[in-house]
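Below: the structure, in C-alpha coordinates.
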Amino acid sequence: MIAGVGGDSGKTLATLGLIGAYRRKGIPVMPFKKGPDYIDPAWLRLAAGKEARNLDTYLMGNQQVLRSFSQFAISDGINIMEANRGLHDGENAQGTHSSAEMAKLLKCPVVIVIPVIKVTRTIAAILMGIKMFDPEVDFAGVILNQIATKRQGRVIRDAVENEAGITVLGSLPRMKNDPLPGRHLGLVTPEESKIADKAIELSARLIEDNVDLDEISRIAGNVPDIQIYSSSLADRVVKVSNRDRPIRIGYFTGSAFTFYYPENLEALSKDGFSIIPVNPFEITELPDIEALYIGGGFPETHAAKLSSNRSVLKSVAEAAEKGLPIYAECGGLMFLSKSLIWEGKTYPMAGVFDQTILISKRPQGHGYQEVIVDSENPFFEMGQHLRGHEFHYSKIETDVNISTVFEVKRGVGVGGARDGLIHRNVLASYLHLHVSGAPAWADGMKKAARRYSELQF
(Lines give C-alpha, C1' and ligand atoms only; values in the text may rest on other atoms or scores of the structure.)
Protein backbone atom coordinates (compact mmCIF):
# COMPACT_ATOMS: atom_id res chain seq x y z
CA MET A 1 0.00 0.00 0.00
CA ILE A 2 1.23 3.47 -0.93
CA ALA A 3 -0.16 5.82 1.70
CA GLY A 4 0.27 9.42 2.79
CA VAL A 5 -0.02 11.63 5.84
CA GLY A 6 -2.93 13.46 4.21
CA GLY A 7 -4.21 14.78 0.93
CA ASP A 8 -1.66 16.11 -1.56
CA SER A 9 1.15 14.06 -0.02
CA GLY A 10 2.16 12.75 -3.42
CA LYS A 11 0.84 9.22 -3.05
CA THR A 12 -0.95 9.24 -6.42
CA LEU A 13 2.17 10.46 -8.19
CA ALA A 14 4.25 7.80 -6.43
CA THR A 15 1.72 5.04 -7.14
CA LEU A 16 1.45 5.91 -10.83
CA GLY A 17 5.21 6.13 -11.07
CA LEU A 18 5.72 2.75 -9.41
CA ILE A 19 3.19 1.11 -11.71
CA GLY A 20 4.76 2.70 -14.76
CA ALA A 21 8.30 1.86 -13.65
CA TYR A 22 7.51 -1.81 -13.01
CA ARG A 23 5.74 -2.13 -16.34
CA ARG A 24 8.79 -0.66 -18.07
CA LYS A 25 10.80 -3.44 -16.41
CA GLY A 26 8.36 -6.03 -17.77
CA ILE A 27 6.78 -6.76 -14.37
CA PRO A 28 2.95 -7.12 -14.39
CA VAL A 29 1.13 -4.85 -11.96
CA MET A 30 -2.39 -5.14 -10.55
CA PRO A 31 -3.67 -1.77 -9.28
CA PHE A 32 -6.07 -1.29 -6.37
CA LYS A 33 -7.46 1.85 -4.77
CA LYS A 34 -8.70 2.24 -1.20
CA GLY A 35 -12.04 3.76 -2.07
CA PRO A 36 -14.37 5.22 -2.60
CA ASP A 37 -12.93 6.91 -5.66
CA TYR A 38 -13.37 7.11 -9.43
CA ILE A 39 -10.70 9.52 -10.69
CA ASP A 40 -7.55 8.01 -9.17
CA PRO A 41 -8.53 4.48 -10.36
CA ALA A 42 -8.91 5.86 -13.88
CA TRP A 43 -5.30 7.06 -13.75
CA LEU A 44 -4.19 3.76 -12.21
CA ARG A 45 -5.97 1.90 -15.03
CA LEU A 46 -4.12 3.97 -17.61
CA ALA A 47 -0.77 3.35 -15.93
CA ALA A 48 -1.31 -0.40 -15.43
CA GLY A 49 -3.13 -1.20 -18.65
CA LYS A 50 -5.87 -2.99 -16.73
CA GLU A 51 -8.85 -2.09 -14.56
CA ALA A 52 -8.08 -0.78 -11.11
CA ARG A 53 -10.34 -2.18 -8.40
CA ASN A 54 -11.79 -0.17 -5.51
CA LEU A 55 -11.72 -1.76 -2.08
CA ASP A 56 -13.68 -0.19 0.76
CA THR A 57 -14.91 -1.84 3.94
CA TYR A 58 -17.78 0.62 4.46
CA LEU A 59 -19.22 0.04 1.00
CA MET A 60 -18.42 -3.65 0.70
CA GLY A 61 -17.84 -5.13 4.15
CA ASN A 62 -14.68 -6.98 5.22
CA GLN A 63 -15.56 -10.32 3.64
CA GLN A 64 -16.38 -8.84 0.25
CA VAL A 65 -13.14 -6.83 0.32
CA LEU A 66 -11.27 -10.09 0.89
CA ARG A 67 -13.24 -11.80 -1.88
CA SER A 68 -12.56 -8.99 -4.33
CA PHE A 69 -8.87 -8.79 -3.52
CA SER A 70 -8.53 -12.56 -3.81
CA GLN A 71 -10.31 -12.50 -7.16
CA PHE A 72 -8.21 -9.80 -8.79
CA ALA A 73 -4.78 -9.98 -7.13
CA ILE A 74 -2.00 -11.49 -9.26
CA SER A 75 0.73 -13.93 -8.24
CA ASP A 76 3.09 -13.38 -11.19
CA GLY A 77 3.84 -9.72 -10.54
CA ILE A 78 3.15 -7.07 -7.93
CA ASN A 79 -0.10 -5.81 -6.43
CA ILE A 80 -0.10 -2.10 -5.58
CA MET A 81 -2.83 -0.29 -3.68
CA GLU A 82 -3.10 3.48 -3.38
CA ALA A 83 -4.44 4.54 0.00
CA ASN A 84 -7.07 7.20 0.67
CA ARG A 85 -6.44 10.45 2.58
CA GLY A 86 -4.11 10.11 5.57
CA LEU A 87 -3.17 6.56 6.56
CA HIS A 88 -5.21 6.55 9.78
CA ASP A 89 -8.07 8.80 8.61
CA GLY A 90 -11.43 7.01 8.78
CA GLU A 91 -15.04 7.79 9.47
CA ASN A 92 -14.43 8.48 13.17
CA ALA A 93 -11.75 9.09 15.82
CA GLN A 94 -11.08 5.35 15.98
CA GLY A 95 -10.12 5.24 12.31
CA THR A 96 -12.89 2.87 11.27
CA HIS A 97 -12.73 2.12 7.53
CA SER A 98 -9.33 3.85 7.26
CA SER A 99 -6.50 2.84 4.93
CA ALA A 100 -4.65 1.51 7.98
CA GLU A 101 -7.57 -0.81 8.76
CA MET A 102 -7.52 -1.95 5.13
CA ALA A 103 -3.80 -2.65 5.33
CA LYS A 104 -4.26 -4.78 8.44
CA LEU A 105 -7.18 -6.68 6.89
CA LEU A 106 -5.13 -7.57 3.80
CA LYS A 107 -1.85 -8.05 5.74
CA CYS A 108 -0.42 -5.41 3.44
CA PRO A 109 2.89 -3.59 4.10
CA VAL A 110 2.61 0.20 3.97
CA VAL A 111 4.96 2.67 2.31
CA ILE A 112 4.36 6.25 3.41
CA VAL A 113 4.85 9.16 1.02
CA ILE A 114 5.53 12.32 3.01
CA PRO A 115 6.18 15.87 1.75
CA VAL A 116 9.20 17.54 3.35
CA ILE A 117 8.73 21.21 2.46
CA LYS A 118 10.64 23.56 4.82
CA VAL A 119 11.49 20.81 7.34
CA THR A 120 14.35 18.40 8.10
CA ARG A 121 14.79 16.36 11.30
CA THR A 122 11.17 16.85 12.38
CA ILE A 123 10.16 14.40 9.62
CA ALA A 124 11.77 11.64 11.69
CA ALA A 125 9.62 12.56 14.70
CA ILE A 126 6.46 12.56 12.59
CA LEU A 127 7.25 9.17 11.11
CA MET A 128 8.09 7.73 14.54
CA GLY A 129 4.66 8.85 15.68
CA ILE A 130 3.01 7.18 12.69
CA LYS A 131 4.96 3.97 13.33
CA MET A 132 4.07 3.88 17.02
CA PHE A 133 0.44 5.00 16.62
CA ASP A 134 -0.70 1.52 15.58
CA PRO A 135 2.03 -1.13 15.88
CA GLU A 136 -0.19 -3.66 14.08
CA VAL A 137 0.28 -1.77 10.80
CA ASP A 138 3.23 -3.18 8.86
CA PHE A 139 5.11 0.09 8.26
CA ALA A 140 7.69 -0.94 5.64
CA GLY A 141 9.33 2.37 4.76
CA VAL A 142 8.99 5.90 3.48
CA ILE A 143 9.36 7.86 0.25
CA LEU A 144 10.41 11.45 0.92
CA ASN A 145 8.67 13.86 -1.42
CA GLN A 146 9.59 17.34 -2.61
CA ILE A 147 13.22 17.39 -1.53
CA ALA A 148 14.57 20.89 -2.22
CA THR A 149 18.35 20.31 -1.93
CA LYS A 150 20.79 17.42 -1.64
CA ARG A 151 21.75 18.61 1.84
CA GLN A 152 18.10 18.59 3.01
CA GLY A 153 17.72 15.08 1.64
CA ARG A 154 20.84 13.82 3.47
CA VAL A 155 19.80 15.35 6.80
CA ILE A 156 16.29 13.93 6.62
CA ARG A 157 17.48 10.50 5.51
CA ASP A 158 20.02 10.31 8.34
CA ALA A 159 17.43 11.32 10.95
CA VAL A 160 14.74 8.97 9.64
CA GLU A 161 16.97 5.92 9.30
CA ASN A 162 19.35 6.39 12.24
CA GLU A 163 17.07 7.95 14.84
CA ALA A 164 13.61 6.72 13.85
CA GLY A 165 14.77 3.34 12.53
CA ILE A 166 12.64 3.62 9.38
CA THR A 167 13.87 2.66 5.91
CA VAL A 168 13.98 5.44 3.33
CA LEU A 169 13.00 3.82 0.04
CA GLY A 170 13.33 6.91 -2.09
CA SER A 171 13.65 10.70 -2.23
CA LEU A 172 11.68 12.62 -4.85
CA PRO A 173 12.94 16.08 -5.83
CA ARG A 174 10.73 19.13 -5.75
CA MET A 175 9.29 19.79 -9.19
CA LYS A 176 8.34 23.17 -10.61
CA ASN A 177 5.30 21.75 -12.37
CA ASP A 178 3.04 18.96 -11.12
CA PRO A 179 2.62 16.45 -13.98
CA LEU A 180 -0.86 15.55 -12.69
CA PRO A 181 -3.48 18.23 -13.48
CA GLY A 182 -6.06 18.96 -10.78
CA ARG A 183 -9.43 20.68 -10.25
CA HIS A 184 -12.39 20.82 -7.87
CA LEU A 185 -12.95 17.06 -7.32
CA GLY A 186 -9.26 16.21 -7.30
CA LEU A 187 -7.38 15.25 -10.44
CA VAL A 188 -8.62 15.95 -13.94
CA THR A 189 -9.79 12.65 -15.41
CA PRO A 190 -7.33 11.07 -17.88
CA GLU A 191 -10.10 11.18 -20.51
CA GLU A 192 -9.99 14.98 -20.29
CA SER A 193 -6.25 15.40 -19.94
CA LYS A 194 -4.21 16.12 -23.05
CA ILE A 195 -1.03 14.99 -21.32
CA ALA A 196 -2.21 11.83 -19.54
CA ASP A 197 0.25 9.45 -21.22
CA LYS A 198 3.07 11.97 -20.79
CA ALA A 199 2.22 12.34 -17.09
CA ILE A 200 2.46 8.57 -16.60
CA GLU A 201 5.81 8.51 -18.41
CA LEU A 202 7.23 11.38 -16.33
CA SER A 203 6.04 9.75 -13.11
CA ALA A 204 7.65 6.43 -14.08
CA ARG A 205 10.98 8.08 -14.85
CA LEU A 206 10.85 10.03 -11.60
CA ILE A 207 10.40 6.81 -9.61
CA GLU A 208 13.03 4.91 -11.61
CA ASP A 209 15.62 7.58 -10.87
CA ASN A 210 14.84 8.10 -7.20
CA VAL A 211 13.23 5.02 -5.62
CA ASP A 212 14.62 1.57 -4.73
CA LEU A 213 12.33 -0.58 -6.88
CA ASP A 214 14.11 -3.82 -5.99
CA GLU A 215 13.56 -3.26 -2.27
CA ILE A 216 9.88 -2.47 -2.74
CA SER A 217 9.55 -5.65 -4.83
CA ARG A 218 11.20 -7.60 -2.02
CA ILE A 219 8.80 -6.10 0.54
CA ALA A 220 5.80 -6.97 -1.62
CA GLY A 221 7.09 -10.50 -2.13
CA ASN A 222 7.15 -11.19 1.60
CA VAL A 223 3.45 -10.50 2.15
CA PRO A 224 1.79 -13.46 3.93
CA ASP A 225 -1.05 -15.29 2.24
CA ILE A 226 -4.63 -14.39 3.14
CA GLN A 227 -7.59 -16.71 3.13
CA ILE A 228 -9.35 -16.82 -0.21
CA TYR A 229 -13.10 -16.43 -0.15
CA SER A 230 -15.40 -17.44 -2.96
CA SER A 231 -17.80 -14.80 -4.18
CA SER A 232 -21.47 -15.23 -3.48
CA LEU A 233 -22.22 -12.56 -6.08
CA ALA A 234 -21.31 -14.98 -8.86
CA ASP A 235 -24.30 -17.10 -7.96
CA ARG A 236 -26.85 -14.32 -8.36
CA VAL A 237 -28.96 -14.87 -11.45
CA VAL A 238 -31.65 -12.69 -12.97
CA LYS A 239 -33.68 -14.56 -15.54
CA VAL A 240 -33.94 -12.87 -18.94
CA SER A 241 -36.95 -12.98 -21.17
CA ASN A 242 -37.22 -15.19 -24.24
CA ARG A 243 -36.31 -12.98 -27.17
CA ASP A 244 -34.07 -13.12 -30.21
CA ARG A 245 -31.35 -10.90 -28.74
CA PRO A 246 -29.98 -10.11 -25.28
CA ILE A 247 -31.71 -7.43 -23.24
CA ARG A 248 -29.59 -4.34 -23.64
CA ILE A 249 -28.70 -1.84 -20.90
CA GLY A 250 -27.12 1.37 -22.15
CA TYR A 251 -24.70 3.47 -20.13
CA PHE A 252 -23.45 6.98 -20.85
CA THR A 253 -19.78 7.27 -21.78
CA GLY A 254 -17.50 10.01 -23.04
CA SER A 255 -15.45 12.48 -21.06
CA ALA A 256 -18.53 13.90 -19.26
CA PHE A 257 -19.58 10.58 -17.68
CA THR A 258 -16.69 8.45 -16.44
CA PHE A 259 -17.64 7.55 -12.86
CA TYR A 260 -18.38 3.85 -13.09
CA TYR A 261 -17.05 1.04 -10.95
CA PRO A 262 -16.04 -1.73 -13.37
CA GLU A 263 -17.75 -4.27 -11.12
CA ASN A 264 -21.05 -2.44 -11.66
CA LEU A 265 -20.80 -2.71 -15.43
CA GLU A 266 -19.61 -6.31 -15.20
CA ALA A 267 -22.60 -7.22 -13.01
CA LEU A 268 -25.01 -5.71 -15.53
CA SER A 269 -23.48 -7.69 -18.39
CA LYS A 270 -24.05 -11.12 -16.78
CA ASP A 271 -26.97 -13.54 -17.06
CA GLY A 272 -27.68 -12.93 -20.74
CA PHE A 273 -27.79 -9.13 -20.56
CA SER A 274 -25.67 -6.86 -22.73
CA ILE A 275 -24.32 -3.41 -21.88
CA ILE A 276 -24.13 -0.80 -24.61
CA PRO A 277 -21.89 2.29 -24.38
CA VAL A 278 -23.80 5.43 -25.32
CA ASN A 279 -21.78 8.59 -25.91
CA PRO A 280 -24.19 11.57 -25.75
CA PHE A 281 -21.76 13.65 -27.82
CA GLU A 282 -21.82 11.24 -30.76
CA ILE A 283 -25.51 10.35 -31.18
CA THR A 284 -28.74 12.13 -31.99
CA GLU A 285 -31.06 9.69 -30.22
CA LEU A 286 -30.87 6.77 -27.81
CA PRO A 287 -30.20 3.35 -29.34
CA ASP A 288 -32.57 0.43 -28.96
CA ILE A 289 -32.14 -0.36 -25.26
CA GLU A 290 -34.27 -1.65 -22.40
CA ALA A 291 -32.67 0.41 -19.61
CA LEU A 292 -30.21 3.27 -19.21
CA TYR A 293 -27.52 3.84 -16.58
CA ILE A 294 -26.12 7.39 -16.32
CA GLY A 295 -23.13 7.53 -13.99
CA GLY A 296 -21.37 10.49 -12.49
CA GLY A 297 -18.67 12.66 -13.96
CA PHE A 298 -18.32 16.27 -14.96
CA PRO A 299 -21.38 17.35 -16.95
CA GLU A 300 -20.78 20.91 -15.69
CA THR A 301 -17.50 21.27 -17.59
CA HIS A 302 -19.25 19.90 -20.68
CA ALA A 303 -22.51 21.76 -20.12
CA ALA A 304 -22.38 23.81 -23.31
CA LYS A 305 -21.74 20.77 -25.49
CA LEU A 306 -24.37 18.64 -23.74
CA SER A 307 -26.94 21.44 -23.94
CA SER A 308 -26.32 22.00 -27.65
CA ASN A 309 -27.22 18.39 -28.53
CA ARG A 310 -30.94 19.07 -28.22
CA SER A 311 -31.93 15.92 -30.11
CA VAL A 312 -30.30 13.71 -27.44
CA LEU A 313 -31.89 15.72 -24.64
CA LYS A 314 -35.27 15.26 -26.33
CA SER A 315 -34.66 11.56 -26.94
CA VAL A 316 -33.85 10.92 -23.27
CA ALA A 317 -36.88 12.93 -22.09
CA GLU A 318 -39.21 11.07 -24.46
CA ALA A 319 -37.78 7.70 -23.43
CA ALA A 320 -38.36 8.58 -19.79
CA GLU A 321 -41.99 9.44 -20.49
CA LYS A 322 -42.45 6.14 -22.32
CA GLY A 323 -41.31 4.28 -19.21
CA LEU A 324 -37.71 3.42 -20.03
CA PRO A 325 -35.96 2.45 -16.75
CA ILE A 326 -33.24 5.04 -16.13
CA TYR A 327 -30.93 4.95 -13.13
CA ALA A 328 -28.73 8.02 -12.61
CA GLU A 329 -26.01 8.94 -10.12
CA CYS A 330 -24.87 12.49 -9.34
CA GLY A 331 -23.76 13.74 -12.77
CA GLY A 332 -26.63 11.72 -14.21
CA LEU A 333 -29.04 13.54 -11.89
CA MET A 334 -27.65 16.84 -13.17
CA PHE A 335 -28.12 15.76 -16.78
CA LEU A 336 -31.74 14.74 -16.17
CA SER A 337 -32.59 18.08 -14.54
CA LYS A 338 -34.31 21.02 -16.22
CA SER A 339 -31.17 23.13 -16.37
CA LEU A 340 -27.66 23.49 -15.01
CA ILE A 341 -26.06 26.72 -13.77
CA TRP A 342 -22.28 26.71 -14.18
CA GLU A 343 -20.05 29.76 -13.77
CA GLY A 344 -22.99 32.13 -14.03
CA LYS A 345 -24.49 30.63 -17.19
CA THR A 346 -27.63 28.51 -17.47
CA TYR A 347 -27.64 25.45 -19.72
CA PRO A 348 -30.82 23.50 -20.60
CA MET A 349 -30.62 19.79 -19.81
CA ALA A 350 -32.96 16.85 -20.46
CA GLY A 351 -35.77 18.16 -18.21
CA VAL A 352 -36.95 14.81 -16.87
CA PHE A 353 -37.02 16.50 -13.46
CA ASP A 354 -38.32 20.05 -13.07
CA GLN A 355 -35.49 21.53 -11.05
CA THR A 356 -32.42 23.63 -11.74
CA ILE A 357 -29.00 22.50 -10.52
CA LEU A 358 -26.46 25.07 -9.30
CA ILE A 359 -22.75 24.25 -9.23
CA SER A 360 -21.28 25.82 -6.10
CA LYS A 361 -17.67 26.69 -5.32
CA ARG A 362 -17.66 24.47 -2.23
CA PRO A 363 -18.66 20.82 -1.73
CA GLN A 364 -22.35 20.35 -0.93
CA GLY A 365 -21.99 16.69 0.04
CA HIS A 366 -18.81 14.72 0.67
CA GLY A 367 -18.32 11.34 2.31
CA TYR A 368 -20.09 8.08 3.02
CA GLN A 369 -23.84 7.98 2.60
CA GLU A 370 -26.51 5.65 3.95
CA VAL A 371 -30.16 5.63 2.92
CA ILE A 372 -33.32 3.63 3.53
CA VAL A 373 -35.70 2.97 0.65
CA ASP A 374 -39.08 4.19 1.89
CA SER A 375 -41.12 4.68 -1.31
CA GLU A 376 -42.05 2.62 -4.34
CA ASN A 377 -39.56 2.65 -7.22
CA PRO A 378 -38.51 0.40 -10.13
CA PHE A 379 -35.14 -0.73 -8.73
CA PHE A 380 -35.23 -1.35 -4.98
CA GLU A 381 -37.58 -3.03 -2.53
CA MET A 382 -39.11 -1.04 0.31
CA GLY A 383 -37.07 -1.07 3.49
CA GLN A 384 -33.72 -1.81 1.90
CA HIS A 385 -30.66 -0.20 3.50
CA LEU A 386 -28.12 1.08 0.98
CA ARG A 387 -24.58 2.21 1.70
CA GLY A 388 -22.68 4.34 -0.76
CA HIS A 389 -20.89 7.66 -1.00
CA GLU A 390 -21.40 11.18 -2.34
CA PHE A 391 -19.10 13.95 -3.53
CA HIS A 392 -20.81 16.82 -5.25
CA TYR A 393 -20.46 20.55 -5.61
CA SER A 394 -23.97 20.82 -7.02
CA LYS A 395 -27.29 21.37 -5.30
CA ILE A 396 -30.93 21.85 -6.25
CA GLU A 397 -31.43 25.59 -6.70
CA THR A 398 -35.11 25.91 -7.51
CA ASP A 399 -37.87 25.42 -4.96
CA VAL A 400 -40.03 22.90 -6.76
CA ASN A 401 -42.08 19.98 -5.53
CA ILE A 402 -40.02 16.81 -5.94
CA SER A 403 -40.79 13.21 -5.11
CA THR A 404 -38.06 11.13 -3.49
CA VAL A 405 -37.66 7.50 -2.45
CA PHE A 406 -34.66 7.55 -0.07
CA GLU A 407 -34.55 8.63 3.55
CA VAL A 408 -31.00 9.79 4.19
CA LYS A 409 -29.59 8.40 7.44
CA ARG A 410 -26.07 9.60 6.74
CA GLY A 411 -24.93 12.25 4.30
CA VAL A 412 -26.67 15.12 2.51
CA GLY A 413 -28.43 13.85 -0.60
CA VAL A 414 -30.65 16.45 -2.25
CA GLY A 415 -31.34 18.06 1.15
CA GLY A 416 -33.86 17.72 3.94
CA ALA A 417 -32.63 14.19 4.73
CA ARG A 418 -33.93 13.03 1.36
CA ASP A 419 -32.47 11.67 -1.86
CA GLY A 420 -33.57 9.65 -4.86
CA LEU A 421 -35.69 11.74 -7.21
CA ILE A 422 -38.38 9.62 -8.88
CA HIS A 423 -40.40 10.11 -12.06
CA ARG A 424 -42.13 7.12 -13.69
CA ASN A 425 -39.28 4.56 -14.10
CA VAL A 426 -36.50 7.11 -13.58
CA LEU A 427 -34.54 7.27 -10.32
CA ALA A 428 -31.75 9.82 -9.84
CA SER A 429 -29.74 10.56 -6.70
CA TYR A 430 -26.40 11.75 -5.36
CA LEU A 431 -25.79 8.25 -4.00
CA HIS A 432 -22.96 6.30 -5.65
CA LEU A 433 -23.26 2.54 -5.13
CA HIS A 434 -20.74 -0.25 -5.49
CA VAL A 435 -22.38 -3.52 -6.52
CA SER A 436 -20.14 -5.58 -4.24
CA GLY A 437 -21.90 -3.99 -1.29
CA ALA A 438 -25.25 -3.50 -2.99
CA PRO A 439 -25.94 -6.52 -5.25
CA ALA A 440 -29.66 -5.67 -5.15
CA TRP A 441 -28.90 -2.68 -7.37
CA ALA A 442 -27.76 -4.81 -10.32
CA ASP A 443 -30.65 -7.22 -9.77
CA GLY A 444 -33.07 -4.28 -9.77
CA MET A 445 -31.62 -2.79 -12.94
CA LYS A 446 -31.89 -6.07 -14.82
CA LYS A 447 -35.38 -6.85 -13.55
CA ALA A 448 -36.57 -3.40 -14.59
CA ALA A 449 -35.00 -3.88 -18.03
CA ARG A 450 -36.66 -7.28 -18.36
CA ARG A 451 -40.09 -5.86 -17.44
CA TYR A 452 -39.69 -3.05 -19.98
CA SER A 453 -38.60 -5.54 -22.64
CA GLU A 454 -41.67 -7.70 -22.10
CA LEU A 455 -43.96 -4.68 -22.44
CA GLN A 456 -42.54 -3.97 -25.90
CA PHE A 457 -43.93 -7.22 -27.38
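The values are calculated or read from the model by the stated rules, or taken from the named source; none is laboratory data. These numbers come from a predicted model, not from an experiment. With ideal geometry, Cβ positions are generated from the backbone for all residues, glycine too; neighbour counts draw on all protein chains shown.
Some notes on this structure:
- Residue within segment 389-407 that is in the same structural domain as E300 (by TED's automatic domain parsing), among the small types (G, A, S), over 23 Å from P325 (Cβ atoms) and free of Cβ contacts under 8 Å to residues at least 60 places away in the same chain present: no
- Condition met for H366 (in the same structural domain as Y327 (by TED's automatic domain parsing), crowded, with 20+ Cβ neighbours inside 10 Å and within 20 Å of the chain's Cα centre (by Cα)): no
- P439 being over 24 Å from G272 (Cα atoms) and modelled with pLDDT under 95: no
- Residue list for segment 377-392, filter: within 18 Å of R450 (Cα to Cα) and of a type in the set (D, E): E381
- Residue within segment 240-254 that is modelled with pLDDT of 95 or more, surrounded by 14 or more Cβ atoms within 10 Å (Cβ to Cβ), outside any helix (DSSP H, G or I) and assigned by TED's automatic domain parsing to the domain that holds A148 present: no
- Residue, farthest from E370 (Cα to Cα), within segment 48-94, restricted to residues that are among the aromatic types (F, W, Y) and touching a residue at least 60 places away in the same chain (Cβ under 8 Å): F69
- Of all residues in segment 285-293, none are under 20 Å from L358 (Cα atoms) and in contact with a Phe, Trp or Tyr (Cβ under 7 Å, 6 or more places away or on another chain).
- Residue identified as under 18 Å from the mean Cα position of the chain (by Cα) and farther than 23 Å from H432 by Cβ among L127, L87, L44, L55: L87
- Residues (over 24 Å from the mean Cα position of the chain (by Cα) and closer than 26 Å to E318 by Cβ) located in segment 416-441: I422, H423, R424, N425
- Top-ranked residue of segment 45-97 - restricted to ones that are over 30 Å from G26 (Cβ atoms) and β-branched (V, I, T), ranked as surrounded by the most Cβ atoms within 10 Å (Cβ to Cβ): T57
- Pairs where the first residue, in segment 286-313, is aromatic (F, W, Y) and the second is not in a loop (DSSP other than H, G, I, E, B), C-beta under 6 Å, 6+ apart: Y293/Y251; Y293/Y327
- Set side by side, the residues Y327, Y347 differ, and just one is farther than 27 Å from P439 by Cβ, aromatic (F, W, Y) and surrounded by 17 or more Cβ atoms within 10 Å (Cβ to Cβ), which is Y347.
- Residue among G383, G413 that alone is in a loop (DSSP other than H, G, I, E, B), within 22 Å of the chain's Cα centre (by Cα) and not assigned by TED's automatic domain parsing to the domain that holds R85: G413
- Selection from segment 1-19 of residues that are assigned to a helix (DSSP H, G or I) and in contact with an Asp or Glu (Cβ under 7 Å, 6 or more places away or on another chain): K11, T12, T15
- Members of segment 359-379 that are within 16 Å of L431 (Cβ to Cβ) and either polar (S, T, N, Q) or assigned to a loop (DSSP other than H, G, I, E, B) (or both): P363, Q364, Q369, D374, S375, N377, P378, F379
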